[in-house]
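Here the structure comes first, spelled out in structure tokens, and everything after it is commentary.
The values are calculated or read from the model by the stated rules, or taken from the named source; none is laboratory data. Because the structure is a prediction, the values reported are computed rather than measured. Here the Cβ is made from the backbone with ideal geometry for all residues, glycine too, and neighbour counts use every protein chain on show. Surface accessibility is based on the protein's heavy atoms, side chains included, excluding ligands, DNA and RNA. Shrake-Rupley method; radii C 1.70, N 1.55, O 1.52, S 1.80 Å.
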Amino acid sequence: SLRPSSAGAPRSGVEHPPRTHPRTHMLPSETRRRIALADAKKPTAQHAGNQDLVDVFWVLADATFKAEPENAGTKGSAYRKAAQAFAACPFTVTDSSVDLKKKKLPNVGKASVEKMAAFRATGSIPKLVAYQ
């Protein structure tokens, strides 16, 4: 049947709000959801002396994903892998205990070792401070 077009006018003259899922207001924001997922995946260090290093590299990875989305696939992922390597390490990670030439820690490159050394010396990572 051919009916004249009402071009967006309400059918019954009463305007209804758009339909949403009844529990939508209860869901956390996308950011909170991502942070919760990231924190849930954060590894626990085998050696207690490395947990602060794992935590700071995990936060650095999150900050890199947010601040540099164009580098998230490289830098952010590298920081995550470094955090996982620090977590798996059975000894306390320091600049003297990591030998890049012998590859004692997989997935930990020169830049991550430099950031780790800065963190051990000063208690912070300059790049992380710049992101915050």
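Here are the numbers for this structure:
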read-out	value
Filtered residues of segment 62-88 (kept if modelled with pLDDT under 90 and in contact with a helix residue (DSSP H, G or I) (Cβ under 7 Å, 6 or more places away or on another chain))	D62, A63, T64, F65, A67, E68, N71, A72, K75, G76
Unique match (being open to solvent by less than 60 Å² (accessible area, probe 1.4 Å), at pLDDT below 85 and more than 14 Å from the chain's Cα centre (by Cα)) among L105, L53	L105
Number of the condition not met by K104 [criteria: (1) of a type in the set (K, R); (2) without any contact (Cβ under 8 Å) to a residue 60 or more places away in the chain; (3) in a helix (DSSP H, G or I)]	(3)
Residues of segment 57-98 classified as surrounded by fewer than 16 Cβ atoms within 10 Å (Cβ to Cβ) and under 16 Å from R120 (Cα atoms), total	6
Subset tally (residues that are surrounded by fewer than 17 Cβ atoms within 10 Å (Cβ to Cβ) and in a loop (DSSP other than H, G, I, E, B)) for segment 108-132	4
